[in-house]
Amino acid sequence: MKFTPAKPPLTGETLDSLTERLRAQGEPAFRAKQILDWLYKKRVRSWDEMSNLSKPLRTWLAGTFELMPATLVLNKQSEDVTDKLLLGLGDRSLIETVIIRVPQEGVGVEHSRKTICISTQVGCAMGCVFCASGLAGLKRDLSAGEIVAQLLQVCYREDARTPRARMELASFDNIVVMGMGEPLANYDATILALTILNAEWGLGFGARRITISTSGLVPKILKLAEEKLGFRLAISLHGATDEVREKIMPVNKAFPLAKLIPAVQAFNEKHGRMVTLEFILIEDVNDMLPQAEKLRDIARDLHAHVNLIPYNTVEGLPWKRPSLTRQERFADVLRAARISVTLRREKGHDIDAACGQLRLKTELDREGAVAAAVPVA
Ligand code: SAH
Ligand code: SF4
């Protein structure tokens with residue numbers, strides 16, 4: 001299903017497309033840059049604050065575009081480390097955006113490094129058996145404007161906490177496209193959104209600080225390798241053999257390891273940057289030592305970094321997180337081979353941080369006619 005809003009979001013326009021629209025209104029070309037400055041640099045939240053535009057132009061803009069296509073429905077915070085924004089869209093769909101703060105030694109939490117995890121779809125069609133995002137299938141793709149809006153919402157929130165001096169810059173350090181949805185199944189909107197975020201007239205955010213995570217859509221990985229902007233790539237591997245991967249990720253049938261690994265290699269050759277292999281550890285499914293050994297071999301061949309993620313339990317699903325000892329034993333196999341590996345302590349476990357879980361809970365509450373989310377903005 002596609003959602004066509006009454007007015008397209010301003011966050012989905014490029015400098016060129018906005019210039020064209022304004023030119024048709026008899027406005028000079030420099031207006032587009034002024035408007036995008038208000039949106040991305042000064043981050044005003046109403047048309048009336050765009051004080052160097054004439055009143056008639058502001059009225060035309062308000063009748064033509066949605067300034068912000070996402071509203072903050074709920075904000076859940078965990079120990080000041082993870083901040084989860086539940087955003088409502090024009091058709092009442094809900095999406096999640098997570099701010100992960102990594103505190104730096106000797107400075108307050110407001111100066112922590114921030115990674116933002118964004119969504120690209122409402123739900124997901126890929127059907128990975130462990131994942132909350134995919135449980136109810138795909139509802140719809142997000143538009144580029146809705147993807148960009150998530151980052152602006154984060155900026156609004158962070159600007160309120162940080163000194164004005166930082167206002168012109170993006171209020172975060174990294175973007176990971178690891179929220180709800182399969183980004184490469186919504187390829188064009190995702191790339192357009194990231195291009196807008198990267199543009200100097202947009203947030204001016206470096207492509208090398210943006211990581212796209214995919215469950216392994218091989219043709220799209222090859223396409224991504226050809227993009228001008230050098231985004232980083234993460235592969236959700238989760239199984240080091242076809243036998244294990246196929247059990248938990250249906251995508252492996254169409255794109256088994258024999259196709260996926262060469263595609264990652266091809267991406268490597270184009271970009272020369274380390275790819276990350278994501279590996280969720282699920283008890284008795286993929287946390288056995290032979291899996292660790294196979295993963296080690298794949299990572300070595302691909303010169304990849306391995307991110308081990310202890311599974312976040314999902315209500316209603318049978319999968320479990322292995323014990324700390326089992327997690328460490330698995331990681332040790334990789335460490336012994338000098339593979340670059342991180343064993344992530346899942347941040348925000350207590351606020352349903354795993355992909356899709358807060359939305360799932362809120363939708364279930366909605367269905368149960370329980371007062372769902374309380375609007376906060
Ligand atoms: N669809 C893309 C990006 C979104 S999922 C992909 O699959 O890569 C982002 C990451 O969260 C993936 O690695 C996914 O496997 C992982 N994930 C999903 N459910 C999880 C859970 N319950 N616990 C831990 N990680 C999970
Ligand atoms: Fe979709 Fe990624 Fe979840 Fe798989 S892990 S269902 S691809 S969001």
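Being within 26 Å of ARG232 (Cα to Cα), buried (at least 21 other Cβ atoms within 10 Å of the Cβ) and more than 26 Å from the chain's Cα centre (by Cα) is a description that applies to PHE330.
Looking across the range 217-242, the residues that are more than 16 Å from ligand 2 (Cβ to nearest atom) and farther than 16 Å from LEU192 by Cβ come down to LEU222, ALA225, GLY230, ARG232, ALA240, THR241, ASP242.
In the list VAL306, VAL285, which residue meets the criterion of being in a loop (DSSP other than H, G, I, E, B) and crowded, with 21+ Cβ neighbours inside 10 Å? Just one listed residue meets the conditions, VAL285. Taken over the range 258-282, the residue count meeting the criterion of being surrounded by fewer than 19 Cβ atoms within 10 Å (Cβ to Cβ) and assigned to a helix (DSSP H, G or I) is 10. Report whether or not LEU257 is in contact with a Lys or Arg (Cβ under 9 Å, 6 or more places away or on another chain) and either at pLDDT 95 or above or outside the structural domain of ALA132 (by TED's automatic domain parsing) (or both). Yes; evaluated as a whole, the condition is true for this residue. The condition (being without any contact (Cβ under 8 Å) to a residue 60 or more places away in the chain and within 14 Å of ligand 2 (Cβ to nearest atom)) is satisfied by just one residue among THR190, THR120, THR162, THR214: THR214. VAL81 - would you say it is under 19 Å from ALA193 (Cα atoms), assigned by TED's automatic domain parsing to the domain that holds ARG140 and of a type outside the set (Asp, Glu)? When the stated conditions are applied, VAL81 does not pass them.
Where helices (runs of 4 or more DSSP H) fall wholly inside the range 141-234, the ranges with 3 or more residues that are assigned by TED's automatic domain parsing to the domain that holds ALA304, within 16 Å of ligand 1 (Cβ to nearest atom) and farther than 24 Å from ASP16 by Cα are 218-225.
Let's see how each residue does on (1) touching a helix residue (DSSP H, G or I) at 6+ places or on another chain (Cβ under 8 Å); (2) outside any loop (DSSP other than H, G, I, E, B):
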| residue | (1), (2) |
| --- | --- |
| THR4 | no, no |
| THR11 | yes, yes |
| THR19 | yes, yes |
| ARG23 | no, yes |
| GLN34 | no, yes |
| TRP38 | yes, yes |
| ARG45 | yes, no |
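The values are calculated or read from the model by the stated rules, or taken from the named source; none is laboratory data. Just so we're clear, the structure is a prediction, and the values are computed from it rather than from any experiment. We place every Cβ from the backbone using ideal geometry, glycine too, and count neighbours over all the protein chains shown.
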